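Taking it in order: structure first as structure tokens, then the write-up.
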Amino acid sequence: MKIEDTINSLKELNFDLKYEVKNNNELYVRIKAEQIRKIALICIDVFKFNYICEFTTERENSEGEKPTIEGKESIVNCMFSNSKQGYYVIWSYITQKKPISLQNLISQSRLFQREINNDFDYKVKEVSGTDAYQIAVGPVHAGIIEPGHFRFSVMGEPIENLEIRLMYKHRGIEKLCEDINANLLNLMFERVSGESTVAYGEAYALLVEKLLNKEVGKEIKALRIVLLELERMYNYMDDLGGIANDVGYSYVAKKFGYFSEVIHQLCERVTGSRFMRNGIVPFGINIDFNEKKKKDIIDTLQSLKARVNSIIKMSLNAVSFLDRVEDTGIVSSAMAKKFCMTGVVARASNLKYDVRVKFPYELYKEIKKDINIETKGGVFERYKLKACELKDAFNFVEKALTYINKDIKRDKQEICLSEGLEAIVSVETVKGELVVYGLTGKDNKFSRIFFKTPSFTNWTGMTEAVLGEIVPDFPLINKSFNMSYSENDR
Amino acid sequence: MNNIFDRIKYGTETIKDPLYNNEFSYGKIVASENICNNCRACMSVCTVGAITINTGDNDENTVSIDNKKCIYCRNCVDICPKSVLEMTSDYKMSELELVGEKLREKIYKIYKRSLVLRVVDTGSCNACMSELSALHNTFYDISRYGINVVPSPRHADGLVVAGVVTKNMKEALEKTYYAMAEPKIVIAVGSCAFNGGIFKDGDGVYDVLKNILPVDLVIPGCPPSPQAILFGLFKLMDKI
């Protein structure tokens with residue numbers, strides 16, 4: 001179903017809509033508030049769109065509509081995407097009161113609407129009965145973990161219910177982004193989540209390039225892929241090591257920790273920062289790249305590749321390891337779909353969705369052909385899938401490096417944004433699909449930035465995964481998800 | 001069995017001296033004197049306001065950079081038309097605050113060998129946390145120096161804080177601090193912890209750490225590399 005077909009079929013329904021197509025793959029539709037429930041139902045049941053997010057934007061008050069607070073009206077935007085054809089649809093309606101609840105149509109709508117309403121009251125559930133008790137964990141955890149509160153309701157041994165309370169780290173990044181000049185905004189984007197620094201930097205570069213309708217050269221695109229995949233490598237190595245560590249298989253855990261250190265040091269040699277910060281900038285790249293660095297990357301990865309494979313094989317051959325991970329923490333495909341999960345955790349549950357294939361950016365169209373999936377959706381499947389993505393990352397770096405045949409000079413160009421442009425981009429980070437909406441404002445700044453971070457929806461998946469498991473399995477399941485608190489809280 | 005073969009084949013992977021000279025690391029930004037023409041281009045690209053330019057008596061401009069504020073993005077180095085600023089690879093930037101100096105003497109009169117830490121993240125971007133956990137990998141292997149991270153504040157000598165203090169984490173941070181036994185050390189890891197860094201003006205941010213707890217050691221960086229953290233901790237333990 002192409003973007004024109006969507007428009008035509010909506011016209012047939014006599015909805016009287018104002019629509020606009022921007023940036024080739026974004027359809028913005030203005031509707032009335034009472035229509036949203038009907039349209040959301042059509043989007044899900046008839047069009048089979050994916051629900052992405054809901055957020056508000058503010059706009060100067062136009063004539064003929066009732067003024068709201070401070071002469072501005074608040075618009076609720078409800079975003080869907082068609083992954084088969086690769087376009088986004090945004091339904092926006094003006095509301096004087098709270099946004100219209102879509103809870104019974106889309107389960108995850110609740111999360112976004114709570115944020116819009118500033119509705120943070122919460123009452124912890126209580127359990128009663130024989131052998132029933134609760135375990136409260138956090139916000140300060142044992143070990144080196146970010147803050148978050150977990151409340152387990154346990155009956156005997158198995159977990160009956162898990163409530164995850166986050167937002168301890170809320171800093172107001174979206175609001176901060178509105179005060180920073182567009183030339184420096186990539187620094188703030190990179191600090192939304194440190195583990196996915198490059199992916200966020202890439203999202204910013206794509207956003208600005210989409211707004212100004214420019215493209216970069218093939219060499220730079222290839223180099224960006226190298227950086228993105230290097231980041232994927234050290235993250236998945238840490239994840240695999242973490243799973244092994246929680247099982248108690250310390251040899252594998254320590255080795256993966258060492259490999260990740262090797263990749264970090266490689267990143268430091270290539271870009272000057274262990275997290276490749278300030279590397280990707282709009283219209284170019286902020287690092288000098290030459291033959292020597294290319295050789296360094298190839299040599300380091302070549303020496304590591306066989307070892308990584310042997311260690312993965314070692315863990316898959318260990319009975320004590322398999323005993324813990326198999327059939328643990330299962331999220332069924334239907335539940336994963338319901339929770340709008342993305343990324344590795346969704347692909348482990350048989351959801352065939354990868355941004356690199358469905359909304360290809362840079363050179364992924366040529367490099368990445370198919371999507372790796374597993375069917376069962378347990379810890380073991382996530383472990384296997386992460387190992388598979390890790391092996392893929394090695395291949396992608398090799399392939400991407402073949403596109404780079406000349407030295408690349410660092411190149412940082414001035415960005416000049418005009419007012420009132422908007423765009424949506426999505427990037428596959430290590431955790432899943434990141435969607436960024438940007439609306440430009442005055443003085444070369446953005447007037448609205450919205451992040452739909454992968455962790456935001458994926459955290460809910462974990463409450464499902466732990467049900468029926470014993471409490472000692474929780475760290476294992478948590479590590480197999482390994483969601484970021486920082487990007488969730490923003 | 002496989003473990004043993006693998007171990008024999010590749011040998012030990014721990015580095016003997018973790019504080020080796022790393023020429024690729026980012027580090028202190030130094031300014032050469034008598035060249036700056038006060039164009040203030042560097043100040044305009046600094047998101048955290050770490051750069052100050054002072055004009056002396058005979059129209060000499062001296063550029064100074066606050067290490068504890070800097071997020072080491074290199075934008076100022078790149079933009080300077082006269083290349084006054086230069087980034088060195090000197091990661092050894094940690095400094096003991098005045099209180100820390102006294103506290104160190106007090107603590108190491110009693111305990112000479114080890115340092116037991118408790119880590120609290122109050123609003124970092126999780127890169128600092130990632131680097132703190134990298135200290136435990138086989139390459140740096142921090143536990144051989146007697147530095148350990150413990151799950152309970154009751155067992156800890158020092159509190160490691162990463163990130164700005166958000167409104168929601170303020171209470172948890174204070175409770176952790178007061179649960180620790182005296183004498184206690186507070187270590188700020190990363191530029192945001194001590195000075196707020198890039199998140200300073202966020203509407204969810206309560207305050208920066210230095211206004212809430214007495215900070216004894218600051219490890220600057222964004223994020224500080226494991227080497228930089230180790231250097232700071234060694235300085236505290238009087239090993240250097």
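Readers should treat all values here as calculations from the given coordinates under stated rules, not as data from a laboratory. This is a predicted model, so every value here is computed, not measured. Here the Cβ is made from the backbone with ideal geometry for all residues, glycine too, and neighbour counts use every protein chain on show.
Taking region B:29-73 as the range and being within 14 Å of chain A (Cβ to nearest Cβ) and either surrounded by fewer than 18 Cβ atoms within 10 Å (Cβ to Cβ) or over 18 Å from the mean Cα position of the chain (by Cα) (or both) as the test, the residues that pass are B:41, B:42, B:43, B:44, B:45, B:46, B:47, B:49, B:51. The C-beta contact set for region B:126-146 (first residue over 16 Å from residue A:241 (Cβ atoms), second residue charged (D, E, K, R), distance under 6 angstrom, 6+ apart or interchain) comprises B:126/A:146; B:126/A:195; B:146/B:113. Evaluate the following for residue A:128: is it of a type in the set (Ser, Thr, Tyr), assigned to a loop (DSSP other than H, G, I, E, B) and within 13 Å of chain B (Cβ to nearest Cβ)? So residue A:128 fails the test. Does any residue of region B:198-207 turn out to be of a type in the set (Ser, Thr, Tyr), in a helix (DSSP H, G or I) and over 13 Å from the mean Cα position of the chain (by Cα)? Among the residues of region B:198-207, not one is of a type in the set (Ser, Thr, Tyr), in a helix (DSSP H, G or I) and over 13 Å from the mean Cα position of the chain (by Cα), which makes the answer no. Each residue in region B:134-165 was checked for being facing chain A (nearest Cβ under 9 Å), in a helix (DSSP H, G or I) and either under 14 Å from the mean Cα position of the chain (by Cα) or closer than 15 Å to residue B:185 by Cα (or both), and 1 of them qualify.
Kindly establish whether residue A:176 is assigned to a helix (DSSP H, G or I), free of Cβ contacts under 8 Å to residues at least 24 places away in the same chain, under 28 Å from residue B:167 (Cβ atoms) and within 11 Å of chain B (Cβ to nearest Cβ). So residue A:176 passes the test.
The residues listed here are A:232, A:277; of these, the one that is among the basic types (Lys, Arg), closer than 22 Å to residue A:483 by Cβ and more than 9 Å from every other protein chain (Cβ to nearest Cβ) is A:232. Considering region A:355-376, and only residues there that are in a loop (DSSP other than H, G, I, E, B) and out of contact with any Ser or Thr (no Cβ under 9 Å at 6 or more places or on another chain), the residue that is nearest to residue A:208 (Cα to Cα) turns out to be A:362. Of the residues making up region A:289-315, those that are within 28 Å of residue A:474 (Cα to Cα) and without any contact (Cβ under 8 Å) to a residue 12 or more places away in the chain are A:310, A:313.
Here residue A:133 clears all of (1) away from chain B (no Cβ under 14 Å); (2) loosely packed, with under 13 Cβ neighbours inside 10 Å; (3) in a loop (DSSP other than H, G, I, E, B) except the condition numbered (3). If you check A:469, A:422, A:398, A:428 for being of a type in the set (D, E, K, R), touching a residue at least 24 places away in the same chain (Cβ under 8 Å) and within 20 Å of residue A:54 (Cβ to Cβ), only one passes: A:422.
For region A:22-47, the set of residues classified as surrounded by fewer than 16 Cβ atoms within 10 Å (Cβ to Cβ), part of a loop (DSSP other than H, G, I, E, B) and more than 24 Å from the chain's Cα centre (by Cα) consists of A:32, A:46, listed by residue number.
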